[in-house]
2 protein chains.
Amino acid sequence: MDQLYDEYCRILKAAGYKHTKPRLSILEVMLENHNKHLSIEEILKLAQEKDPEIGIATAYRTLLLFEQLNMVYKLDFGDGLSRYEINEGNVGHHHHHLICLGCDKIIEAKWDLLDELEEAIQEDEHFSIVDHSLKFYGYCSECQAKDRKGEKHEERK
Amino acid sequence: MDQLYDEYCRILKAAGYKHTKPRLSILEVMLENHNKHLSIEEILKLAQEKDPEIGIATAYRTLLLFEQLNMVYKLDFGDGLSRYEINEGNVGHHHHHLICLGCDKIIEAKWDLLDELEEAIQEDEHFSIVDHSLKFYGYCSECQAKDRKGEKHEERK
DNA sequence: TTAATTGCAAATGGTTTGCAATATT
DNA sequence: AATATTGCAAACCATTTGCAATTAA
């Protein structure tokens, strides 16, 4: 089905975890939505299409496990929901996010110019960096256009 | 007492909000702890030393108000608590944080080399940046030293 | 006086947990 | 068969909200 699927199955087994239906279903969901930022609720709903028995507690436990095994990233866009994204193996450098304050859209940022900054930090502070999280808040081009037309932004919840 | 205190009192009034004891007490607490990252619970406890009547709901409402007026920053270090820090007016560019995965210590990072990256994003994506959040996860010098001695990291909750 | 603000307690909502039943190896 | 895993429901805990009482202007 997918090379990552096999790889992550192997990792699960290697770490001593069983290949259960809920785990494999959720893994499939995460791979099928590799470009999205699904919430637990969304992941559960999709997984239940494959295995209707799955409960919410298992979804939480499974995503936590996947996160610990570095199979997924946990994302937080400040909307009160934990979101997850499969780790596609671009070692250590997952992308950043642009969060639109007008319409709550999330845009992927492909730039990664943090190397300089990371080096400075490692040297000056003797802090050994493992990972980072970078979010930009602002207004997307569409919301800027709306603004120019004098329209209101959609209300943020 | 403090020039920022006066300034923020003015801002409150200007925005049509009353100068109540809870608000002024919490403002004082935030100014007296300008270099810390206090949780709501901690802010409440400190504010209650000045005004024992204050309830938790007021603390939440006040910090939300202060955040909306850009008087404080809301911080999230992933420990399940909302933390707040007074905005000392370094316009738009508050500092970044280094979060130690070994001992949960938070180190302030003074570097701000994101200008290049922000320019690239504004141009390529036509995304108008208002603010950003940058966190680095890794190990502080002390935890690295402990590691070399073969000691265990403290358990994370 | 009057409209904003507060404290309290109850409600909310995402997440975690205890436990008996079930599934994997 | 032995152990890990699950689903369920209850518990948890940070945050929000309704409302009557209080307070600032």
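For first residues located in the range A:9-25 and of a type in the set (A, V, I, L, M), partners that are near DNA strand D (Cβ under 7 Å from one of its atoms) and lie 6+ apart or on another chain with Cβ distances below 9 Å form the pairs A:Ile11/A:Tyr17; A:Leu12/A:Lys18; A:Leu12/A:Arg23; A:Leu24/A:Asp51.
Of the numbered criteria (1) modelled with pLDDT under 85; (2) open to solvent by 70 Å² or more (accessible area, probe 1.4 Å), the one A:Glu142 fails is (1).
Quick grid of which residues meet (1) within 16 Å of DNA strand D (Cβ to nearest atom); (2) aromatic (Phe, Trp, Tyr); (3) open to solvent by 50 Å² or more (accessible area, probe 1.4 Å):
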position	(1), (2), (3)
B:Lys74	yes, no, yes
B:Ile86	no, no, no
B:Glu119	no, no, yes
B:Val130	no, no, yes
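Listed by first and then second residue, the pairs linking a residue in the range A:58-76 that is on the phi < 0 side of the Ramachandran plot to a residue that is open to solvent by 90 Å² or more (accessible area, probe 1.4 Å), with Cβ atoms under 7 Å apart and 6 or more places separating them unless they lie on different chains, are A:Glu67/A:Lys74. A Cβ distance below 7 Å, combined with a sequence gap of six or more or placement on separate chains, defines the contacts here; from the range A:114-131, residues that are more than 7 Å from chain B (Cβ to nearest Cβ) reach residues that are among the polar types (S, T, N, Q) and surrounded by 14 or more Cβ atoms within 10 Å (Cβ to Cβ) in the pairs A:Gln122/A:Ser128. None of A:Leu12, A:Leu64 is of a type in the set (A, V, I, L, M, F, W, C), surrounded by fewer than 16 Cβ atoms within 10 Å (Cβ to Cβ) and modelled with pLDDT of 95 or more except A:Leu64. Note on the range B:76-113: residues that are at pLDDT below 75 and facing another protein chain (nearest Cβ under 10 Å) total 4. One residue stands out among those in the range B:1-32 that are aromatic (Phe, Trp, Tyr) and either within 22 Å of the chain's Cα centre (by Cα) or away from DNA strand C (no atom under 14 Å from the Cβ) (or both): the one that is nearest to the other protein chains (Cβ to nearest Cβ), which is B:Tyr8. When we screen B:Leu63, B:Leu98, B:Leu12, B:Leu24 for residues that are within 13 Å of DNA strand D (Cβ to nearest atom), in contact with a strand residue (DSSP E or B) (Cβ under 6 Å, 6 or more places away or on another chain) and either under 19 Å from B:His132 (Cα atoms) or not aromatic (Phe, Trp, Tyr) (or both), the only hit is B:Leu63.
The values are calculated or read from the model by the stated rules, or taken from the named source; none is laboratory data. All values derive from a computational prediction rather than experimental measurement. Positions of Cβ are generated from backbone atoms using ideal geometry, with glycine treated the same way; all protein chains shown enter the neighbour counts. We work out accessible area using only protein heavy atoms, side chains counted, and drop any ligands, DNA or RNA first. Shrake-Rupley method; radii C 1.70, N 1.55, O 1.52, S 1.80 Å.
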